[in-house]
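J.: Submitted below is the structure of interest, expressed as structure tokens.
No lab work stands behind these numbers, since they all come straight from the coordinates. Predicted model only: the values in this text are computed from it and were never measured. Virtual Cβ from ideal backbone geometry, glycine too; neighbours counted across all protein chains shown.
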Amino acid sequence: MGTDALTDDISAAPGAGPRRWLFAVTILTGSFLLFLVQPLVARLALPRLGGAPNVWNSAMLVYQALLLGGYAYAHALSRLAVGRQALIHVTLLVAAAFTLPIALPAIAPPEAGQEALWVPYLFLLTIGPVFFVVSAQAPLMQQWFAAHPKAGDPYPLYAASNLGSFAGLLAYPLLVEPLLPLGEQSRYWAAGYGALVVLVALAGLARRTAPAPAVIAAASETEAGPAPDAKRIALWLALSAVPSGLMLSTTTHLTTDIFAMPLLWVIPLGLYLLSFSLAFAEKRGLARVMTVIAPVVIAAAGALAMLGSSRPSMLAVAASLTLLFVVAVALHARLYEERPEPARLTQFYLVMSAGGVLGGLFTALIAPLVFDWTWEHPLLILAAAALLPLGRWQGLLARLFPSEQGARLGIIALLFALFIGAMRLFDRSMLNDDWGIIDLAIFAALIAAAVLLAARRWAFVAACAALIAALGAMVQAQTSFAGLRSRSYFGIYTVRDGTDGLRQLIHGTTLHGVQRLETGILEPTTYYGREAGVGLALAKAPAMFGDKARVGVVGLGVGTLACYKQPGQTWTFFEIDPAVLDYSTRGQFTFMKSCAPEAPTVIGDARLQLEKLPAGSFDILVVDAFSSDAIPLHLMTKEAQEGYFRTLAPNGLLLMHISNRFIRLEPVLAALAKEGKLASAVRIDSPTGMGQTGSTWVAMSRDPAQLKALTADGKWRPLAPPAAEVWRDDYASILPHLIWKNFH
């Protein structure tokens, strides 16, 4: 029985056609909602989770797993006639609607060290049913569309799907978050969900008489060939897993090792989604161009990205993002070329989704447990090099070396020269910030050699490995082997002893603390010097609150503030990451051991831990929980501030550290001070002493007399004019406060 006979009845009604527009709009709407809800739920969960990169990676893993479940469900439905599929799917969509509007479940916070499991569990409970059923609509709509005899190739509709995803992702930080509080965001999303249900129902009606796609596949077996074998399915898995993992590893690599920039996590995901739109487009021109230049990009951008881990710069950021986009387009284009006939569409997307989950599992769960640095990133770059189509480059070496033996000798010689040249370039880069003509010439020669080696796949992978090793990986390996680095769910920490007599704790690219190595010297350093706002306040604690002042410190760092503890005072530290506490307890940094050995350190999210304390527990509360310039918004909202002052005595003093390269936080705190009728002042210092760092500290108190006593020395000034909006748990946007000139 032919496939045409199975589908002829679809076009029996007068005027019935493929209705491509209906299916494109339905797919685009569903994908827009999916990627709008992801940051929405992350924003809802921010007060419980903070803003560490791995929180987003864990969330992405949950979304990928739910996507896999949705694709498996779509594949299972393919055994049924389209009319029955539509009835089942619309029923599930309506049932899932009873979980709306979106809200976080009331579950206990995670125990220390259990965040990697707790975060996925929270996201699963919050958005699981709705995300699962909406995620199935892209393959289902393509499958239903292909059931019409005149439909044509359904795969380009996946380009529309990812354009919708890209639009949803950008719409959230640029439009939705700045304009709407979370409650309204959730309600508007629910309204969009209702529109999607209507569109799906209309699409189902348009194909209500179509037979099961599985029946069409069986009827077309002789025309389209046998089902995909294990080798082809493994290729689908690999071609989808590597870009997925690379997207997440690029996010971690950028925010940890190169540039802790706000909203940076949006860009890798957006480029990843956009890559599908190019790779699955009907017009293949751009995808082919990207595929041809991919070996050049992976060699050049991979080298610059690795160099950026030792010498951070915007060039390294641009190289990492270019690498991700071009490689994702090239691998997804190869995936598109390997697609099966439309009747096996749901199987193809199911395998592709499984590959995405595998990539996410490796990057989000396995890598942080196995590696002490972002080693997953260079490994995925090499995996991409092993999968790239190299057809256009494979004739190069044969022109230079006609014989196979000559080609092998030439490859070995080129690899050796490439490695030595890359090491030379690395040494020169560490000495000079700017490249000269010689440096550019060396780099160009290295990339030319790597591209020449693309004539043999193993040689090209070896060339990429040599570049990665020489331009930063060997230095990172030395740090790893020396035991000077550790990795936790919240970040990567490196201990570095400088030639200036200072020991530093580096969190990615952010200075986390400094101690002078001279025996017996425990002088406060970095942002906590004696002329910094916190130093001035803690020095006056006995005069302001008596000899038995109670001090709470949110954010341990290396324990530098413990230097200010005076006899009779009671101090308590709060730290979310046990790995940070280890540096103060195992002897690498001795501030805590020497100055405050009896002070307890409470492990867990400080905001949640402070809620457990009796009211009026502290006279001074220091909030310094920013591990990088990507600030945890949940610590600067009206609700957070109310929690701080609940734990303070009526005349207590709140000190907040707001030093930041990219966001002006002073107006945010000024708005909070105005809202809470608080006396406030700011201290900005620019010290020049050994190990000192400029800082900005804001002091607030309900008692104007206490603030007057603190600022009587004339070193403080009033806060800047307040922001127009007060940050709350359900509304906060950093866009109005970005310092755009520093994004260079």
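J.: For the chain, which span is the longest to avoid every loop-located (per DSSP) member of GluC sites (Glu not before Pro) having at most 12 other Cβ atoms inside 10 Å?
T.: Values: sites that count: Glu111, Glu282, Glu518, Glu598.
Counting at most 12 other Cβ atoms within 10 Å as exposed, the longest clean stretch of the chain is 283-517.
J.: Given segment 521-742, report the % of alpha carbon pairs whose separation exceeds 27 Å. Working shown, then result.
T.: Working: 6685 of 24531 pairs.
Of all Cα-Cα pairs in segment 521-742, 27 percent lie more than 27 Å apart.
J.: Let me ask another. Please give the helix 404-431 orientation as an angle from the longest Cα principal axis of the chain, in degrees from 0 to 90, rounded to the nearest 10.
T.: Orientation of helix 404-431: about 30 degrees from the principal axis.
J.: Something else about it: Which order do the peptides 495-502, 233-240, 35-42, 425-432 take when ranked by the mean count of other beta-carbon atoms within 10 Å per residue, highest first? List each step's numbers first, then the result.
T.: Values: 495-502: 12.8, 233-240: 19.2, 35-42: 23.0, 425-432: 14.4.
Final packing ranking: 35-42, 233-240, 425-432, 495-502.
J.: If you don't mind, there's one more thing I want to ask. State the answer as a single residue: which of Val317, Tyr172, Leu80 lies farthest towards the positive end of the charge dipole of the chain, with beta carbon charges of +1 for Lys and Arg and -1 for Asp and Glu, about the Cα centre.
T.: So the residue furthest toward the plus end is Leu80.
J.: From the Cα gyration tensor of segment 654-700, with a ≥ b ≥ c the square roots of its eigenvalues, which class applies: rounded if a/c is under 1.5, or else prolate if a/b is larger than b/c, or else oblate? Walk me through the numbers on the way to the answer.
T.: Numbers: a/c = 3.66, a/b = 1.99, b/c = 1.84.
Prolate shape, in that a/c is at least 1.5 and a/b is the bigger ratio.
J.: What does the extension gain come out to for Met430 and Thr91, with contour length at 0.36 nm per residue minus their alpha carbon separation? Before the final figure, lay out the partial values.
T.: On the way: separation 339, 0.36 × 339 = 122.04 nm, distance 6.18 nm.
Once the chain is fully extended between Met430 and Thr91, it gains 115.9 nm.
J.: Can you tell me the orientation of helix 314-337 relative to the chain, as the angle in degrees between its alpha-carbon axis and the longest Cα principal axis, to the nearest 10?
T.: 20
J.: Among 566-573, 379-386, 123-130, how do they line up from the highest to the lowest mean number of other beta-carbon atoms within 10 Å?
T.: Highest mean packing first, the order is 379-386, 123-130, 566-573.
J.: So, with +1 on the Cβ of K and R and -1 on the Cβ of D and E, and no other charges, what is the size of the charge dipole of the chain about its Cα centre, to the nearest 20 debye? Write out the running numbers ahead of the final one.
T.: On the way: 53 positive and 48 negative charges, 118 e Å.
Charge dipole, the chain, about its Cα centre: 560 debye, nearest 20.
J.: Per-residue ellipticity at 222 nm for the chain, helices alone: DSSP H runs ≥ 4 residues times -39500 (n - 2.57), over residue total, nearest 500 deg cm²/dmol?
T.: Numbers: 30 runs with 402 residues, N = 744.
My calculation for the chain gives -17000 deg cm²/dmol from helical runs alone.
J.: So for segment 521-742, taking the charge dipole from beta-carbon charges (+1 Lys/Arg, -1 Asp/Glu), which of His657, Gly557, Gly689 sits furthest toward the positive end?
T.: The listed residue farthest towards the positive side: Gly689.
J.: Give me the orientation-averaged projected area of the Cα convex hull of the chain, in nm², one decimal. Intermediate results must be reported in sequence, preceding the final value.
T.: Values: hull surface 138.9 nm².
Seen from a random direction, the Cα hull of the chain projects 34.7 nm² on average.
J.: Could I ask something else about it? Only four residue types carry charge here, +1 at the Cβ of Lys and Arg and -1 at the Cβ of Asp and Glu. Report the dipole size of segment 417-515 about the Cα centre in Debye, rounded to the nearest 20.
T.: Values: 8 positive and 6 negative charges, 91 e Å.
With Lys and Arg at +1 and Asp and Glu at -1, about 440 debye.
J.: Using bins 10 angstrom wide from zero, how does P(r) for segment 395-481 break down, in % of all Cα pairs?
T.: Histogram of Cα-Cα distances, whole percents per bin: 17, 44, 27, 10, 1.
J.: If you don't mind, another one. Expressed as an acute angle from 0 to 90° and rounded to the nearest 10, what is the orientation of the C-alpha long axis of helix 285-308 relative to the principal long axis of the chain?
T.: Once rounded, one gets 30 degrees.
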